[in-house]
Structure formats: structure tokens, C-alpha cells
1. How far apart, in nanometres, would the label points at K117 and K9 be if each is projected 7 angstrom from Cα along the Cα-to-Cβ direction?
2. Quick check on the range 4-89: take the gyration tensor over C-alpha atoms, sort the square-rooted eigenvalues as a ≥ b ≥ c, and tell me if it's rounded (a/c under 1.5), prolate or oblate.
3. Quick one: order D76, D31, D159 by neighbouring beta-carbon count within 10 Å, fewest to most.
4. Along Cα→Cβ, 7 Å out, is where each label goes; now give me the distance between the ones at K27 and H52 in nm to one decimal.
5. What is the order of S178, S152, fewest Cβ neighbours within 10 Å to most?
6. If each residue of separation counts as 0.36 nm, what is the full-extension length gain between T127 and H173 once their alpha-carbon separation is subtracted?
7. How many angstrom lie between the Cα centre of the range 20-55 and the Cα centre of the range 101-170?
Amino acid sequence: MDYNTNREKLIMPEYGRHIQKMIEHVKQIPDREKRNEQIRAVVSVMEILNPHLAEQPDYKHKLWDHVQFIAGFDLDVDSPYPMPTKEDFSTPPDIVPMPKEPLAAAHYGRNIQNMIKVIAAMPEDETRDRMIKSMAVYMRQQYLIWNKDSVSDETIFKDIERLSGGTLKVPEHIHLESVSDKEKFTRPGMILPTGNQPGRNQFRPQGRNKNKKNKWKKQQ
């Protein structure tokens, strides 16, 4: 499991790890035209996930500046604005203000809450269906991490409808692939048992047995 504690530090946490990974990916694209196309898509996603930014003056310019800041100022793309330098950011950029709207489901996160609104407003076509399925797969991953070791498609689909206020219904033809044993997700700080040990000990905190073992050695 790839826990946050083992990952590279977030440059601007308010945008999340996925945006940072997307920007790093764009940096590796050799074709300049393709880089330009992809970074414009990333900026659009940043805007979608933080719609409240539109209330700030010159917010698009800030988004492009934030892209370069996250990229370490070495992203070679054609920006519609003058490229910032490290000297322009002698102090970190202002923290992006977060909306005061409460989270309807904390285990899914605010980005999912925002994305559901965006998808609900899209025309009903294949692109919309693909986005719904991708989002549902991600939501299932989050659910499995923080709740229990199994969840039905119906539960995820009902959550999508609930979080959208009834405006987004998952088409009947959409189904999620089953989760294999190799794709099981565990809560941070927990490990799966090595043997087939069903029941209450299916998950146990790390380090507990180690402490008991050391104590037993001392008594010898």
C-alpha cells in the first residue's frame, strides 16, 4: 500500500497529490505540443476541483503560476501568462482558501464532492459515463480503506446519487469490476494477517506482537 507518509512531500496540499502527479507526468512528455495540451487539461482540473477560485481576481493567472510552483519552475510549456521564476516566489504563494461548505462524506473527500457536481452538469454521453465509472472506482477504493473489507456497487452508486442531491443517477449498464485479493486496501497503520485467519483478528495494529516478543525475550 502506498501510504502518504512514504510519498513525496506535497508542494501545495490544497490541490492534492493527484494534481502534483499529473504535473510531474506532463514534465516527462517529450513532445512540446502534447505537453501544452496536457497542462491545459491539468489547469482545467485544478479549476474544476476548486471552483471557489473563480471568485478571486485574475484567478487563471494564479492557477498557471501555481502549476509552475508545483513543477519546481522547470515545466517547459507555452503559458498564456508570463512565466514566474523562483525569485517571484521568495515566499510561498498564498494558501488557496478552502470553501466553508461542510463535507457530506468525509471519507470520499471534497474533490469527489466537487467532481460529482461537475459530472452531473455534463451532457449524457459516453464521456460522462466513463467519468462516472472512473469516479465510482476511486470512491470504492476510499470506501474500502476507511470502512470495511467489502462494498457493493449499489452502495457506491447510491452515495453518488445522494451526494449529487439526486441530480446524478448512475446508468444501469455501468458495473464495477470485482476487487481481487491483491487489490485489497487496508487502513493506514494496519496490516493483513499472513495466514487465513478469519474473524476479529483479520486486521491488527503494527508493532503489537513485536513488543510482546521483546518482552518475552527479556524475561528469559
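1. 3.2
2. Values: a/c = 1.31, a/b = 1.02, b/c = 1.29.
Rounded is the answer for the range 4-89, as its axis ratio a/c remains below 1.5.
3. Working: D76 13, D31 9, D159 21.
Arranged by neighbour count, lowest to highest, D76, D31, D159 become D31, D76, D159.
4. A separation of 2.9 nm, rounded to one decimal place.
5. Details: S178 7, S152 10.
If I rank by nearby Cβ atoms, fewest first, I get S178, S152.
6. Numbers: separation 46, 0.36 × 46 = 16.56 nm, distance 1.41 nm.
Stretched out fully, the T127 to H173 stretch lengthens by 15.1 nm.
7. 22
Values quoted throughout were computed directly from the atomic coordinates according to the rules given, and no laboratory measurement underlies them. None of these values were measured; they are calculated from a predicted model. Using ideal geometry, Cβ is built from the backbone for each residue, glycine included, and neighbour counts are taken over all protein chains shown.
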